[in-house]
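Student: Take this structure first; my questions come after.
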Amino acid sequence: MAALLIPARCGALFVAVAVGCATLVSGCSGSAGNSDTDDVEPAANEVTVPIPPVQTHVLDPGAEPRSRLTPSSAPGTEQNATLHTENGVHQQVDNQPDQNFSTPPMTMPLAATMADGGVDLIIGAITCPDANLQQALAVAEGSHAGLTFAANGAVTSLQITPAADASDSARRAIEQAFYQAVYQTVVFPDADLGVGAVWTIEQQITGGVTLDQVATASLLARDGDVLTIGLDVAQTPRGDVWNLPNGAGMLDIDRYDMHGTGQVTIDLRMPLPVEGTVTMAGQQAYHVPNDVTHLNQTINTTVQWLK
């Protein structure tokens, strides 16, 4: 059997990060290494993607004094932030040589302006070590995006409006970066919390594989509105089948181990994280139904917010 290329699956701040989302718009991630800039038509229409709801549960309220951790960005608040994402995928089919289907790391400056119920984002000059993708991303400078928030900070939808001349490869890369970041969002419970508080952030990630993601958050430190939060993330598939994108068939899941850790700094007065890093890593194993072909993947992803 010829080598079986399974598209890299984004996950999860934001993350998951290697989550089982078959598509985001036209595909939350494409086959790694597909960075041609002239094989697709530009796509300039705004796309809105709903994000599944989040539940929180307090495990430990922490030490006194305690108070509600409520995002308080006022409309008009401006923030400059930089989102860096990495997505590494190594794959082996049976005894064939290991193949690297990683997508190039990408660093994306963002100019954020808080609006009623969300944040408007203008994408700056994106940098990427892959020359072809870098060329495509240069045209995407000035693209718009937006996040809609619930009162507790949960992202409820993602909007992306590519620049008029942006190619599909640039659009896919931008979508994947945002999608990874969205599933690493810190959401606060409706409870008074102090330093040392621990709570879970539970979310279902739908796609070819439906995942239950549970992030355990710990309030490590607080200085006024500035919070330092530790994260421990685990993903578990709800079923035992991965439905491949575009009707390409299915694979039976033999193993799915994905775990992540990280730390983020959040200013409750700002719409985006101030800084922080969350990494996910794990092993996944599948086999073709009624066939002896087996596929193994090693996945490493990073979502990083830079000042």
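Student: Looking at M270 and the list (1) at pLDDT 95 or above; (2) more than 19 Å from the chain's Cα centre (by Cα); (3) surrounded by 16 or more Cβ atoms within 10 Å (Cβ to Cβ); (4) assigned to a strand (DSSP E or B), which single condition is not satisfied?
Tutor: Here M270 meets the rest and fails (4).
Student: Still on this structure, I have one more. For the range 144-151, indicate whether the set of residues that are touching a Pro at 6+ places or on another chain (Cβ under 9 Å), modelled with pLDDT under 95, under 26 Å from L244 (Cα atoms) and aliphatic (A, V, I, L, M) is non-empty.
Tutor: no
Student: Would it be correct to say that G260 is in a strand (DSSP E or B), surrounded by 15 or more Cβ atoms within 10 Å (Cβ to Cβ) and at negative phi?
Tutor: yes
Student: Against the condition within 20 Å of the chain's Cα centre (by Cα), at pLDDT below 95, polar (S, T, N, Q) and surrounded by fewer than 20 Cβ atoms within 10 Å (Cβ to Cβ), how does T210 come out, does it pass?
Tutor: yes
Student: Just checking, how many residues over the range 286-296 are outside any loop (DSSP other than H, G, I, E, B) and open to solvent by 10 Å² or more (accessible area, probe 1.4 Å)? It would help to see each step written out before you state the result.
Tutor: Step one: list which residues in the range 286-296 are outside any loop (DSSP other than H, G, I, E, B), which gives 286-287, 294-296.
Then keep just the ones that are open to solvent by 10 Å² or more (accessible area, probe 1.4 Å); that gives 287, 294, 296.
Residues flagged as outside any loop (DSSP other than H, G, I, E, B) and open to solvent by 10 Å² or more (accessible area, probe 1.4 Å) within the range 286-296 amount to 3.
Student: Something else now. Looking only at the range 238-257, how many residues end up being surrounded by 14 or more Cβ atoms within 10 Å (Cβ to Cβ) and in contact with a Ser or Thr (Cβ under 7 Å, 6 or more places away or on another chain)?
Tutor: 1
Student: Here's a follow-up. In the range 141-154, what count of residues is obtained for those that are in a loop (DSSP other than H, G, I, E, B) and either touching a Lys or Arg at 6+ places or on another chain (Cβ under 7 Å) or open to solvent by less than 20 Å² (accessible area, probe 1.4 Å) (or both)?
Tutor: Initially, the range 141-154 is screened for residues in a loop (DSSP other than H, G, I, E, B), giving 141-143, 150-154.
Now restrict to residues that are either touching a Lys or Arg at 6+ places or on another chain (Cβ under 7 Å) or open to solvent by less than 20 Å² (accessible area, probe 1.4 Å) (or both): 143, 153-154.
Within the range 141-154, residues that are in a loop (DSSP other than H, G, I, E, B) and either touching a Lys or Arg at 6+ places or on another chain (Cβ under 7 Å) or open to solvent by less than 20 Å² (accessible area, probe 1.4 Å) (or both) number 3.
Student: Residue by residue through the range 155-180, note down the ones that are of a type in the set (D, E, K, R) and part of a helix (DSSP H, G or I).
Tutor: Scanning the range 155-180 gives D168, R171, R172, E175.
The values are calculated or read from the model by the stated rules, or taken from the named source; none is laboratory data. Keep in mind that this is a model prediction, so the values were computed, not measured. Every residue, glycine among them, receives a Cβ derived from its backbone with ideal geometry; neighbour counts consider all protein chains shown. Surface areas here come from the heavy atoms of the whole protein model, side chains and all, with no ligands, DNA or RNA. Shrake-Rupley method; radii C 1.70, N 1.55, O 1.52, S 1.80 Å.
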